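Notes follow the structure.
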Amino acid sequence: MNFLINLFIPLTISGLAMGVIYALMAMGLMLLIRAIGVLNFAQGDLLMFGAYLTYCLKDQLKLPLLIMWISAFLLFAVFGAIFMFSVYYPMRDTTWRQTFTITTIAASFILKDSVQLIWGTNPISVKPLIAGSVKIFGTKIAIQYLLIIGIAAVIIWAVFVIFEKLYAGRMMQAATQDKYAAEIIGIPTMITTLITYMIVVVIAGTAGYMVAPIFFVNPTLGTLQLSAFAGVILGGFGNLKGAVVGSIIIGLIQSYSTLITTTYKDTIVFLVIILVLIFRPQGIFLGSKISDKA
Amino acid sequence: MKKKKLVKFLVYLVFVLALILIVPSVTTGYSIMIVDVALLYFIAALGLSVMLGIGGQMTFAAVSFMGVGAFTSAQLSKYAHIPTSLSIILGILVAALFAFLIGLVLLRLKGPFFAFSTISLVQIMSNIFLNYEPLTGGARGIQSIPKLNLGVFSPNNLFGWFYLLIAVAIICGLIVERVRQTHLGRALSSVRDNEIAAMSLGVDVFKTKVVAFTIAGALAGLSGALYAHMSQYISQSLFTFNTSLTFIMMVMLGGVNSTVGTFFGALLVTMLPEWLRPLKQYLMIIYGVGIIFLMVYMPMGLAGVARSILTKCQRKKQQKGAEAANGYSK
């Protein structure tokens with residue numbers, strides 16, 4: 001019994017922590033899919049960029065923690081605006097939606113290489129916010145994991161409040177559901193799109209800040225986005241809540257599958273995805289219209 | 001109409017002849033390799049052009065089938081000592097069979113779901129290529145794969161390969177152009193434009209998609225098998241998601257529904273990093289910025305630009321004709 005607890009609690013906590021990171025990315029993906037109907041292939045690179053930027057502010061410029069948080073937040077928002085004006089705004093009138101997909105792939109190249117130019121290719125280790133570990137049921141858990149889960153939960157809750165409860169969020173939803181009608185009743189759709197982009201980059205950047213102490217800060221952090229894609233599928237396309245829960249499940253599956261095999265960890269995850277797609281293409285949650293998706 | 005076709009044919013013929021005559025004389029050992037690789041990628045990207053351009057189905061899977069074709073042909077020729085010409089054909093067949101089986105399962109999904117499932121497939125396959133040593137040699141890959149020997153013609157160097165690949169690429173391009181004109185191609189386009197309408201007109205949507213997917217798989221398998229014998233060394237690092245993104249960029253930059261466009265897209269995407277090499281570390285940044293600019297100014301790819309220039313010229317001609325006929329001028 002003790003053995004099982006010792007085995008499962010660390011796996012569950014680390015799986016949950018990775019799950020919420022994926023959930024943050026999946027939320028960003030979902031918001032962009034809803035807003036402009038584009039799959040953002042640069043999502044993982046935005047996370048990587050966030051990790052590097054916060055490293056720069058904290059360890060290179062040595063800003064105090066609070067000022068660093070505020071400046072990081074503002075920089076992410078500004079970067080979101082830059083991102084939108086470079087990969088969305090110039091092609092907004094195109095009738096061919098795939099254009100945006102290509103530009104996000106290009107943006108991913110640019111981000112990866114600029115980061116390598118500025119900070120080099122060597123992995124950089126970052127100290128966690130609160131070092132050390134706590135004991136839960138007699139097993140040591142790094143505090144950073146718990147911190148990730150806590151902060152991510154707050155962000156996820158905040159995004160839900162913004163998009164479901166506030167008037168501004170309703171405006172954004174209206175703009176994504178029917179752009180033309182929203183413009184007729186006076187919603188500035190360009191501004192709502194801009195704000196969506198800013199929120200997406202802020203979320204992804206914060207996720208990067210949080211994973212930095214666990215993985216090293218390095219250009220390959222971008223590959224985490226594939227798991228976020230998987231979470232989006234698992235939760236059902238176009239469903240914000242589903243994307244969050246789906247991503248957390250992906251994190252847990254990845255974590256538990258290390259019990260069986262480490263080399264084929266990703267194979268198991270993606271096999272699960274294909275099985276879900278085949279047997280439950282509407283995602284694992286009811287309530288979304290099947291006809292929309294499959 | 002017939003005259004137009006003849007002119008088009010002559011233009012292509014001149015172009016191909018020019019390519020065959022000029023390229024080997026201006027290239028050296030390294031740059032001819034780039035051209036060869038571009039041609040190989042073109043063959044694989046053609047399969048994508050069938051799925052995405054004609055059928056409107058976003059797929060990332062080409063790279064997995066390329067891997068299957070490459071490893072099959074390499075294994076068969078190296079360890080089973082099957083003649084290379086036969087092993088390539090077997091590689092194509094295995095890749096096509098694999099694509100057919102995968103297609104039967106995955107094509108039940110639609111739109112973005114299908115695209116996502118192919119991403120998953122690429123991840124699974126690259127993981128297997130990396131870890132399943134008996135088939136793929138693991139991270140070390142397979143070395144000293146036998147040279148290609150076709151009996152009548154066996155390319156000894158990369159220039160020989162260039163002629164062979166040009167021929168294969170033209171044949172594959174013609175096959176795809178032919179597919180466009182047949183019942184299958186038209187059915188596929190109807191699926192792309194409106195699936196429900198296609199179904200109500202009696203198109204077997206599922207079957208059409210599976211056949212197209214199998215053709216795409218066969219083309220990718222051919223490309224992979226040829227690659228294995230050309231470079232005589234293959235490893236998993238080629239068959240990853242990034243290569244898949246490269247294929248998609250080739251097709252989209254070239255023009256999603258155009259064979260010739262795909263050809264130029266493949267050349268552009270393979271050559272651009274080489275041309276930009278003097279810029280060294282700024283390479284990928286400029287590459288990315290360049291792609292964004294291409295998308296801003298020519299969103300339908302190179303083929304789209306060519307088409308719009310052609311129609312402009314025609315309109316001017318017609319205008320002139322009409323003016324002359326009316327005896328009217330400003």
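The values are calculated or read from the model by the stated rules, or taken from the named source; none is laboratory data. What you see is a predicted model; the values in this text were computed from it and never measured. All Cβ positions, glycine included, derive from the backbone under ideal geometry; neighbour counts span all protein chains shown.
For region B:56-111, the set of residues classified as surrounded by fewer than 19 Cβ atoms within 10 Å (Cβ to Cβ), of a type in the set (Gly, Ala, Ser), at negative phi and outside any loop (DSSP other than H, G, I, E, B) consists of B:SER85 only.
Among the residues of region A:78-105, just one is surrounded by fewer than 18 Cβ atoms within 10 Å (Cβ to Cβ), of a type in the set (Gly, Ala, Ser) and more than 10 Å from chain B (Cβ to nearest Cβ), namely A:ALA81. Just one residue in the set B:PHE116, B:PHE129, B:PHE153, B:PHE162 is modelled with pLDDT under 85 and in a helix (DSSP H, G or I); that residue is B:PHE116. Annotation note: Cβ proximity below 6 Å between a residue of region A:72-94 that is closer than 20 Å to B:LEU294 by Cβ and a residue that is not in a helix (DSSP H, G or I) (sequence gap 6+ or interchain) occurs for A:THR94/B:PRO299. The residues on offer are A:LEU39, A:LEU32, and the sole one that is crowded, with 19+ Cβ neighbours inside 10 Å, outside any helix (DSSP H, G or I) and not hydroxyl-bearing (Ser, Thr, Tyr) is A:LEU39.
Taking the conditions (1) surrounded by 14 or more Cβ atoms within 10 Å (Cβ to Cβ); (2) in contact (Cβ under 8 Å) with a residue 40 or more places away in the chain in turn, A:LYS179 satisfies each one other than (2). Within the span defined as region B:192-204, every residue fails to be surrounded by fewer than 24 Cβ atoms within 10 Å (Cβ to Cβ), in contact (Cβ under 8 Å) with a residue 24 or more places away in the chain, more than 19 Å from B:VAL50 (Cα to Cα) and more than 20 Å from the chain's Cα centre (by Cα).
Looking only at region A:187-233, which residues are crowded, with 24+ Cβ neighbours inside 10 Å and within 14 Å of another protein chain (Cβ to nearest Cβ)? Matches in region A:187-233: A:GLN225, A:SER227, A:ALA228, A:PHE229, A:ALA230, A:GLY231, A:VAL232, A:ILE233.
Name every residue in region B:262-276 that is more than 18 Å from A:LEU111 (Cβ to Cβ) and within 14 Å of chain A (Cβ to nearest Cβ), in order of residue number.
Filtering region B:262-276 for residues more than 18 Å from A:LEU111 (Cβ to Cβ) gives B:262-272, B:274-275.
Selection gives B:GLY265, B:LEU268, B:VAL269, B:LEU272.
Would you confirm, using the coordinates I've provided, whether A:LEU111 is more than 14 Å from every other protein chain (Cβ to nearest Cβ) and either in a helix (DSSP H, G or I) or surrounded by 19 or more Cβ atoms within 10 Å (Cβ to Cβ) (or both)?
Numbers: more than 14 Å from every other protein chain (Cβ to nearest Cβ): no; either in a helix (DSSP H, G or I) or surrounded by 19 or more Cβ atoms within 10 Å (Cβ to Cβ) (or both): yes.
So A:LEU111 does not fit the description; no.
Of the residues making up region B:216-245, those that are of a type in the set (Val, Ile, Thr) and surrounded by fewer than 22 Cβ atoms within 10 Å (Cβ to Cβ) number 2. In region A:114-145, of all residues being within 21 Å of the chain's Cα centre (by Cα) and within 14 Å of another protein chain (Cβ to nearest Cβ), the one that is farthest from A:THR223 (Cα to Cα) corresponds to A:SER114. When restricted to residues that are closer than 29 Å to A:LEU53 by Cβ and basic (Lys, Arg), region A:170-205 contains 0.
In this structure, A:PHE49 does satisfy being within 14 Å of chain B (Cβ to nearest Cβ), within 22 Å of A:PRO219 (Cβ to Cβ) and touching a Leu at 6+ places or on another chain (Cβ under 8 Å).
Scanning region B:217-239 for residues that are assigned to a helix (DSSP H, G or I), within 14 Å of chain A (Cβ to nearest Cβ) and either among the small types (Gly, Ala, Ser) or touching a residue at least 24 places away in the same chain (Cβ under 8 Å) (or both) turns up at least one hit.
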